[in-house]
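No lab work stands behind these numbers, since they all come straight from the coordinates. Everything numeric here is computed off the predicted structure, so don't read it as measured data.
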C-alpha cells in the first residue's frame, strides 16, 4: 500500500462496493489487459536493467527504436520504473525514455522516506513527490544516464 492511501480511501472504496459495481471489470481493465508486445518488452527491460552505485540505483533506458521494435506506447513504459524500485536494496529507480525532438523523459521512484526523488527531479528542473517524480531534458539517452548517476549519488542511502 502506498503512503497516500488513507482511511478515507478505504471508506470510499467500501461505499463503491455497496453499489454493486463490477469489480472484475475494473480489475481487468486496470491490471489484466497487457498486450503480448508489452510483456515481451517488460521481459527485455528486466533482463537489461542497469544497476549502479552499489546496486542502489536501478536504471532502465528506453530508446525510441526499442519502442518501435516492440510496437509499444508510452503507456507500456510508464510502470517499468516500479519494477526497479521493488528490487531489494534499491534506493532509487529511474526510467530514461527517449522522446521526440531530442527530449528524454526521466521517471524516478523511491520506497524510502529518507530518499527524496522529488528533490532529485528538481535538479533536472522537474518535480513531483518524495517517492515519485520526473523531469524532461534535452539530451541523449547516454548523456541523461550519466547525469542521473552523478546527481543520484547525493541521494543514495549510506
- Message: Quick check: from the Cα gyration tensor, does the chain come out rounded (a/c under 1.5), prolate or oblate?
- Response: oblate
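How high is the relative contact order of the stretch 32-111, in percent, counting Cα pairs under 8 Å that sit 6 or more residues apart? Kindly include the intermediate steps, with their values, before the conclusion.
Values: 116 pairs, mean separation 22.2, N = 80.
Reported relative contact order: 28 percent.
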- Note to self, the chain gives a 222 nm [θ] from helices alone (DSSP H runs n ≥ 4, -39500 (n - 2.57) apiece, / all residues, nearest 500) of -12000 deg cm²/dmol
- Query: In whole Å, how far is the Cα centre of the stretch 95-110 from that of the stretch 1-80?
  - Reply: 16
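Need one number: % antiparallel among DSSP beta bridges in the chain, to the nearest 5.
75
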